[in-house]
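Q: Got a structure for you, written out below as structure tokens; questions coming shortly.
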Amino acid sequence: MRPLGHIRVRPELLGLVLLTTTALTLGAAPPLAAAQPLAARPAPARPATAATAFTIEEQRLDRAVPQEILRRSGFDAVAPDFVRSLRGTDSYAEAERAVVRSGARLWQRAVDRAQGRGPARGDLSRDDDRPLYWARLALTRELRQWQPEFGLSESARTALLGKLERSSRGQDSMDFPARGAAKGVKGVKGVKGVKGVKRIVLTGFDPFTLDSDIRISNPSGATALALDGTVIRTDDGPARIEAAVFPVRWGDFADGTVEQALREPLSRADLFTTVSQGRVGRIDVERFNGAWRGGFGDNENVSETGLVPVTGPASQPQWTTTSLPYRSIVAADTGRFPVYDNTSVTEVPAGGTAPVVRPDGPTPGSAARAGGGGDYLSNEIAYRATLLRDRLGLDIPGGHVHTPVLQFGAGNTDPATGTVTDPEFVRNRLDIIAQLRTIITVAAEAS
């Protein structure tokens with residue numbers, strides 16, 4: 001059966017798409033076109049130049065909740081500092097340096113905050129991933145409307161935005177020393193070189209489904225911040241983790257952001273784990289990943305349906321498989337959430353026309369319609385990372401882990417009346433982070 005072509009659905013058609021598509025998100029995917037409560041409606045946006053068109057994500061920034069999160073984390077000062085740094089530039093080269101420097105500082109500030117370094121600058125818990133997300137959007141919005149005296153073409157602006165995205169997500173700072181290099185390992189006292197030190201790559205995601213509840217946090221992004229640059233102790237010795245966060249946008253994935261960010265780190269890694277938020281009350285190690293986009297709206301309210309677009313489509317497989325030690329992970333006591341080896345997929349069988357759910361994995365010659373991790377960007381990052389592993393000829397463990405849905409506390413579930421945080425919300429996020437850290441330790445020891 002020939003795969004369907006790509007279908008791009010613009011925001012004005014999103015309501016219809018969401019009624020006819022499914023994805024693995026907050027248990028059951030909520031419609032993104034639902035009416036917003038008064039407290040979540042955007043404040044009047046500040047004027048922009050006629051040439052400026054803010055993205056859907058950037059437009060949400062003016063709402064009350066994002067502004068509260070920035071203020072209560074101290075990240076509300078990031079954008080004004082960025083504007084001052086841009087004003088001090090006299091050329092594109094200077095602007096590029098200022099943009100990369102500001103993005104890297106934002107990422108490091110978020111990592112430091114999550115790991116308890118420096119002042120908290122606010123009363124939000126340090127483990128919160130949302131200040132990074134909203135502060136990054138504040139920076140991209142400022143850059144999008146900046147009009148320097150030296151002139152800036154739209155292609156040059158787009159290039160600067162790309163550099164800001166990568167540096168503020170940790171994507172260009174996943175730096176492992178080359179194998180055999182005589183270099184010490186950050187965070188490990190007494191280790192003179194890198195022999196015997198495992199290298200682990202971990203990825204997380206931005207918050208998503210923000211039109212359903214703009215207060216949402218993503219525990220996978222929080223895990224990336226909590227573990228980036230840290231060293232875990234295993235029975236086989238130390239292992240160093242390098243982490244990055246990815247956008248919830250179909251277009252970025254089609255443009256190769258995953259491969260661009262992960263190609264070099266994976267070539268030096270001993271293990272990798274892509275992580276995202278999945279089902280309520282459980283953790284899943286996803287056995288199979290499918291080459292299919294199911295159409296659920298992304299953070300720009302764009303939908304994509306069709307075969308996952310990759311380079312070399314003639315050799316593109318319908319399925320990839322985890323190489324994580326899933327049996328050891330499932331058997332270990334890693335924390336309060338049950339952990340499952342998830343083998344279920346949805347396929348169109350060879351010679352068939354209708355999708356079929358297969359609890360034990362795909363059958364020979366079938367066409368993918370959903371991996372164990374669904375048909376959204378969670379499944380896609382797992383598919384792309386494991387396909388990259390295979391195309392690079394890497395014999396290393398790697399795959400996808402779905403965290404539980406991060407839930408607010410009882411009495412704080414209604415975005416119209418709820419607060420941006422509560423003690424149970426924080427406890428749930430901290431427990432998820434701790435359990436993911438233990439799962440990674442188990443995987444490193446079993447590999």
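Q: Take the range 385-400 and flag every residue that is out of contact with any Asp or Glu (no Cβ under 7 Å at 6 or more places or on another chain) and either open to solvent by 10 Å² or more (accessible area, probe 1.4 Å) or aliphatic (A, V, I, L, M) (or both).
A: Going through the range 385-400, the residues out of contact with any Asp or Glu (no Cβ under 7 Å at 6 or more places or on another chain) turn out to be 385-387, 389-395, 397-398.
Matches in the range 385-400: Ala385, Leu387, Arg389, Asp390, Arg391, Leu392, Gly393, Leu394, Asp395, Pro397.
Q: Residues that are surrounded by fewer than 24 Cβ atoms within 10 Å (Cβ to Cβ): find the strands (runs of 3 or more DSSP E) completely inside the range 211-330 holding 2 or more of those. Write out each step before concluding.
A: Values: elements: 231-234, 237-246, 271-277, 283-286, 288-290, 292-294, 303-307, 319-321.
Where strands (runs of 3 or more DSSP E) fall fully within the range 211-330 and carry at least 2 residues being surrounded by fewer than 24 Cβ atoms within 10 Å (Cβ to Cβ), they are 231-234, 237-246, 303-307, 319-321.
Q: Being among the aromatic types (Phe, Trp, Tyr) and more than 30 Å from Pro309 (Cα to Cα), is that true of even one residue in the range 362-378? Before you say what the answer is, go through the steps one by one.
A: Restricting attention to the range 362-378, the residues satisfying the condition of being among the aromatic types (Phe, Trp, Tyr) are 376.
Now restrict to residues that are more than 30 Å from Pro309 (Cα to Cα): none.
No - not one qualifying residue is present in the range 362-378.
Q: Follow-up question, since we're still on this one. If you go through the range 28-44 one residue at a time, do you hit one that is among the charged types (D, E, K, R), at pLDDT below 50 and surrounded by fewer than 18 Cβ atoms within 10 Å (Cβ to Cβ)?
A: Yes; the residues of the range 28-44 include at least one that is among the charged types (D, E, K, R), at pLDDT below 50 and surrounded by fewer than 18 Cβ atoms within 10 Å (Cβ to Cβ).
Q: Right, next: For Ala382, all conditions in the list (1) open to solvent by 10 Å² or more (accessible area, probe 1.4 Å); (2) touching a strand residue (DSSP E or B) at 6+ places or on another chain (Cβ under 8 Å) hold save one; what is the number of the exception?
A: (1)
Q: Is it the case that Arg121 is in contact (Cβ under 8 Å) with a residue 40 or more places away in the chain, open to solvent by 20 Å² or more (accessible area, probe 1.4 Å), part of a helix (DSSP H, G or I) and farther than 19 Å from Ala243 by Cα?
A: Values: in contact (Cβ under 8 Å) with a residue 40 or more places away in the chain: yes; open to solvent by 20 Å² or more (accessible area, probe 1.4 Å): yes; part of a helix (DSSP H, G or I): no; farther than 19 Å from Ala243 by Cα: yes.
When the stated conditions are applied, Arg121 does not pass them.
Q: Just checking, does the range 340-355 include any residue being under 18 Å from Pro404 (Cβ atoms), surrounded by fewer than 21 Cβ atoms within 10 Å (Cβ to Cβ) and of a type in the set (S, T, N, Q)?
A: The answer is yes; a qualifying residue exists.
Q: Still on this model: Among the residues of the range 142-175, which ones are closer than 27 Å to Pro219 by Cβ, open to solvent by less than 10 Å² (accessible area, probe 1.4 Å) and assigned to a helix (DSSP H, G or I)?
A: Leu164, Ser167, Ser168 - these are the residues of the range 142-175 that are closer than 27 Å to Pro219 by Cβ, open to solvent by less than 10 Å² (accessible area, probe 1.4 Å) and assigned to a helix (DSSP H, G or I).
Q: Can you name the residue in the range 276-299 that is under 18 Å from Val345 (Cα atoms) and aliphatic (A, V, I, L, M) and is also farthest from the chain's Cα centre (by Cα) among such residues?
A: Within the range 276-299, the match that is farthest from the chain's Cα centre (by Cα) is Ala291.
Q: Here are some conditions: (1) farther than 20 Å from Leu132 by Cα; (2) within 12 Å of the chain's Cα centre (by Cα). Ser217 meets all but one. Which one does it not meet?
A: Checking Ser217 against (1) farther than 20 Å from Leu132 by Cα; (2) within 12 Å of the chain's Cα centre (by Cα), the one that fails is (1).
Q: In contact with a Phe, Trp or Tyr (Cβ under 9 Å, 6 or more places away or on another chain) and either in a helix (DSSP H, G or I) or β-branched (Val, Ile, Thr) (or both): does that describe Val357?
A: Answer is no for this residue.
Q: Another question, if that's okay. Could you list all residues from the range 76-92 that are in a helix (DSSP H, G or I) and open to solvent by 70 Å² or more (accessible area, probe 1.4 Å)?
A: Asp76, Asp81, Arg84, Arg87, Tyr92
Q: Would you mind telling me which numbered condition in (1) under 22 Å from Arg240 (Cβ atoms); (2) assigned to a helix (DSSP H, G or I); (3) out of contact with any Pro (no Cβ under 6 Å at 6 or more places or on another chain) His400 fails?
A: Unmet condition: (2).
The values are calculated or read from the model by the stated rules, or taken from the named source; none is laboratory data. Since we're looking at a predicted model, the values are computed, not measured. Positions of Cβ are generated from backbone atoms using ideal geometry, with glycine treated the same way; all protein chains shown enter the neighbour counts. Quick note on the areas: whole protein, heavy atoms, side chains included, nothing else; ligands and nucleic acids left out. Shrake-Rupley method; radii C 1.70, N 1.55, O 1.52, S 1.80 Å.
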